[in-house]
Amino acid sequence: MIRFDGVTKQFPDGTVAVDDLSLTAPTGKITVLVGPSGCGKTTSLRMVNRMIEPTRGSISLDGQDTGRMDQAELRRGIGYVIQHAGLFPHRTVLDNIGTVPRLLGWDRTKTRDRSRELLERVGLDPHLGDRYPAQLSGGQQQRVGVARALAADPPVMLMDEPFSAVDPIVRDQLQDEFLRLQDELGKTIVFVTHDIDEAIKLGDQVAVLRVGGVLAQVAEPSYLLAHPADDFVADFVGRDRGYRALQFQATPRLPLRSERTVVLGERPDSDAGWLLVVDDDRHPLGWVEPRRIGGRAVEDADLHRGGTVARADGTLRGALDAALSSPARRGVVVDDSGALVGTVLAHEVLSAIEDTDRPERDEDDPVHGGAVAVAADEA
Amino acid sequence: MARGGGGAVVIGSLFSWIADPAHWSGSDGILNRLLEHLWYSVLAMVLALVIALPLGLYIGHTGRLRWLVTATNAARAVPTLGLLFAFALWLGPSLRGDLAFLVPATIVLVLLAVPPLLAGTYAGVEAVDPAARDAARGVGMTGWQVLRQVELPCALPLVMSGVRTAALQVVATATIAALIGLGGLGRLLVDGIAFGDYPQAAAGALLVAVLAVLLEGLLALLQRRLVSPGLGGGRGAVGGSRNDDDAAAAEANARMPVGPGGMAGGNS
Ligand SMILES: Nc1ncnc2c1ncn2[C@@H]1O[C@H](COP(=O)(O)OP(=O)(O)OP(=O)(O)O)[C@@H](O)[C@H]1O
Ligand SMILES: [Mg+2]
């Protein structure tokens, strides 16, 4: 657990980058710092590993005041992913990854094995290990940056806009892999971004900062979307927040209807409206209008693939999107294995939404209300 | 036609002078002069490195004392020959034997080698990508480790081009040590002119040039071994070092005319 206690940073030129910040990043969770440019995110992050010293206040790591620890030792115990990767240009990818283990005195073989393992972990081809950073794409460099931070298996990770230098598709992919990795590793992570969508997607808890380094609100993403503390947060969280909040709402039991289907390569037995095409395992493939193909067998080229597919145990956002995107207006719902369970109509999803509770607003503490609870024995 | 024929005669007698085994052995033979020349050069280079390398690293690492780089660069404007005689007159009387000549000559060579070494080292460290330096501190390197593991290896292309410039200048300039009575290949040159043995003088100049070229090749090889391939690929640091190499070669060439023509002109 990382705890900021009334932390203020004023630079020598008088700029107050962080103002009286009190915040707890719970063990094993992702805490995202988000806010407009210059609001003090990087400064806050770098005070944790004392790359920047606070002017006032203290930061503790599992109850220990970091101000009293040896700087180099503290930093070796914290994984730090630097904006734009910051790799060592003169070292190969493997040697970059092995930096901290070597500093900790691991022998060459053990470091090498560990570096190889991590290369794979972050989804990079093993043959990239002998390359130099200049020979990698931006996305690959950022993965190496993450691998380097993970190398000595530190319990705490600081990540400064680690996915900013890549295009939206690769970023989405990196985010998914990051979440999968975190599922396995359960690190205590402080993650900085200026992208509210990234914050909502990745954070167990999101802290919104405003310019001047003041904490505007810290809460779980769903709470933040439902109850912005003030106009600034509401504005920053942005439009569509009602719709986006649905991604945090598990689907209740929807009234699913059974759907008439046709297996690809067979002839439809009716020519009314839209018919769902499935494969031999009942995995939905797309929709078809039988009267357009005139009674012959359904071919791959006939398929209308516009509709998304929702999982029965997924979120309400997924269910609603499946209904809205389906050409038949019936949203396709599948089980864990991807096999068809049934279909649902948009108004049925909407009435399910109306029946769910929104996260309750904490009237006493609008700034910290809805933050991830920290277990008593940790505090 | 006649000039061409005369040139051929000079070149012919130059090569037969060098090819004569009698000119290679003995205390005033080519081999011994070559060793002396190398000895003066290596001594000066080592001393200059001991001074300039730590100083350059310190200035680059801390950003303090930057004015020193500018100041030493300005000092290069002082004429080498004048400096040599000044030191010899000043220090010579208080030193014994060979030292009376060796010390002034070495001081001049060191003064010549320090500016390019200092500038190269300082510029190399300063040009290290700030993100890499920041990352080095961020992963928990101590100041010393940052210098040793990141700043120095990343600075090497520029450090090495400083070394090459300095080495060329030192080898070329060590020739003038003979003017105050020391050995080295300059001896062949100076004595050759003094006694009208022009093939010997030309041989001295040629050997200095050959030595400089060989040294340049050796240092280029060393640089290729020392500098990480990751620093290549046409990025900033490497582009810079290429230009510096060219500058080094140009400067070395400019100093080469300490040959028969120049000296003879000076005598008459
Ligand atoms: N070394 C410094 N000296 C003076 N002011 C600084 C220094 N570093 C940062 N600042 C100022 O402190 C404020 C916060 O900077 P910080 O880098 O923490 O912002 P940020 O939220 O990370 O912004 P961005 O999203 O652009 O990275 C800014 O106004 C910045 O100009
Ligand atoms: Mg920043």
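The values are calculated or read from the model by the stated rules, or taken from the named source; none is laboratory data. Just so it is clear, the model here is predicted, and its values are computed rather than measured. A quick note on method: Cβ atoms are made from the backbone with ideal geometry, for glycine too, and the neighbour counts reach across all protein chains shown. Each accessible area value is taken on the protein alone, full model and side chains, heavy atoms only, with ligands, DNA and RNA left out. Shrake-Rupley method; radii C 1.70, N 1.55, O 1.52, S 1.80 Å.
Annotations
- Largest accessible area first, the residues B:Trp17, B:Trp39, B:Trp90 order themselves as B:Trp90, B:Trp39, B:Trp17 under a 1.4 Å probe with ligands, DNA and RNA left out.
- Shown are B:Met45, A:Met47, whose ranking by accessible area with a 1.4 Å probe and every protein chain present, most to least, is B:Met45, A:Met47.
- Translational diffusion coefficient (Stokes-Einstein; Kirkwood radius from C-alpha pairs) of region B:20-64 at 4 °C, 1.567 mPa s, in µm²/s: 101 µm²/s
- To the nearest ten degrees, helix A:346-355 and the longest principal axis of the Cα atoms of chain A are 50 degrees apart.
- Calculated SAXS-style log₁₀ I(q)/I(0) at q = 0.16, 0.22, 0.24 Å⁻¹ - region A:272-341, Debye, Cα scatterers: -0.54, -0.92, -1.05
- Cross-link pairs beyond the 28 Å C-alpha cut-off, checked among A:Lys41/A:Lys201; A:Lys41/A:Lys110; A:Lys110/A:Lys201: A:Lys41/A:Lys110; A:Lys110/A:Lys201
- Fraction of beta bridges assigned by DSSP in chain A that are antiparallel (%, nearest 5): 55 percent
- Amide H contacts of A:Ser22: A:Gly6, A:Val7, each under 5 Å away and 5 or more positions distant or on a separate chain (H built 1.01 Å from N in the peptide plane; Pro and chain starts excluded).
- A:Asp20 accessible area, assembled protein chains, probe 1.4 Å, Å²: 100 Å²
- Counted by Cβ distance under 15 Å from A:Tyr243, the other residues give a net charge of +2, where Lys and Arg count +1 and Asp and Glu count -1.
- Heavy-atom SASA rank of A:Ser351, A:Ser222 (probe 1.4 Å, accessible area, largest first): A:Ser351, A:Ser222
- Computed over protein heavy atoms with a 1.4 Å probe, the accessible surface of region A:1-153 works out to 41 Å² per residue.
- Compactness of region A:195-264 is given as radius of gyration and Dmax, 17.3, 61 Å, from Cα positions.
- Local electrostatic count at B:Leu102 - Lys and Arg +1, Asp and Glu -1, tallied over other residues with Cβ under 13 Å: -1
- Three principal axis lengths of the protein assembly as shown [C-alpha, angstrom, descending]: 116, 69, 42
- Each 10 Å bin from zero up to the one holding the largest Cα-Cα distance in region A:245-303 carries the following percent of pairs: 22, 43, 19, 14, 2.
- Among A:Gly369, A:Gly286, A:Gly294: highest mean-square fluctuation, GNM of chain A, C-alpha pairs under 10 Å: A:Gly294
- About the Cα centre, charge dipole magnitude for the protein assembly as shown (Lys/Arg +1, Asp/Glu -1 at Cβ), debye: 2500 debye
- Antiparallel bridge percentage (DSSP; both residues within the protein assembly as shown; nearest 5): 55 percent
- Probe 1.4 Å, accessible area per residue of region B:12-140, Å²: 50 Å²
- Pair-distance distribution of chain A: all C-alpha pairs, bin width 20 Å, starting at 0; shares per bin in whole percent are 25, 46, 25, 4.
- Each of A:Pro101, A:Gly212, A:Thr188 was scored by the projection of its Cα onto the charge dipole of chain A, and the greatest displacement toward the positive side belongs to A:Pro101; charges sit on the C-beta of Lys, Arg, Asp and Glu.
- 20 Å reach of a label modelled at A:Asp355, 7 Å along Cα-to-Cβ, counting backbone N of region A:247-268: A:247-259
- Distance between region B:30-108 and region A:57-111 - C-alpha centres, whole angstrom: 42 Å
- Percent accessible area from carbon and sulfur atoms, chain A, protein chains only, probe 1.4 Å: 46 percent
- Mean residue ellipticity, 222 nm, helices only, chain A: the sum of -39500 (n - 2.57) across DSSP H runs of n ≥ 4, divided by residue count and rounded to 500, is -8500 deg cm²/dmol.
- Cβ-derived FRET efficiency at R0 41 Å, A:Gln135 paired with B:Arg76, nearest 0.05: 0.60
- Area of A:His194 that stays accessible when all protein chains are in place (1.4 Å probe, Å², to 10): 100 Å²
- Taking only the C-alpha atoms of region B:148-217, Rg followed by Dmax gives 16.4, 56 Å.
- Rounded to the nearest Hz, the phi-derived 3J(HN,Hα) couplings of region A:73-83 under the Karplus curve 6.51 cos²θ - 1.76 cosθ + 1.60 (θ = phi - 60°) are 5, 4, 5, 5, x, 10, x, 10, 9, 8, 3, where x marks glycine and proline.
- Mean partner shielding of peptide A:232-244, defined as the number of other chain Cβ atoms within 10 Å of each residue Cβ, is 0.
- Surface accessible to a 1.4 Å probe, A:Glu354 within the full protein complex, Å²: 150 Å²
- Protein-protein interface of region A:65-83, residues with accessible area decrease of at least 50 Å², isolated chain reference, 1.4 Å probe: A:Arg75
- In plain terms, the bigger the Kirkwood radius, the slower the diffusion; for region A:124-193, with that radius from Cα pairs, at 10 °C and 1.306 mPa s, Stokes-Einstein puts D at 123 µm²/s.
- Buried accessible surface for the B/A chain pair comes to about 1800 Å², total over both chains, computed with a 1.4 Å probe.
- With Cα atoms defining each centre, region A:188-239 and region A:266-291 are spaced 44 Å apart in the structure.
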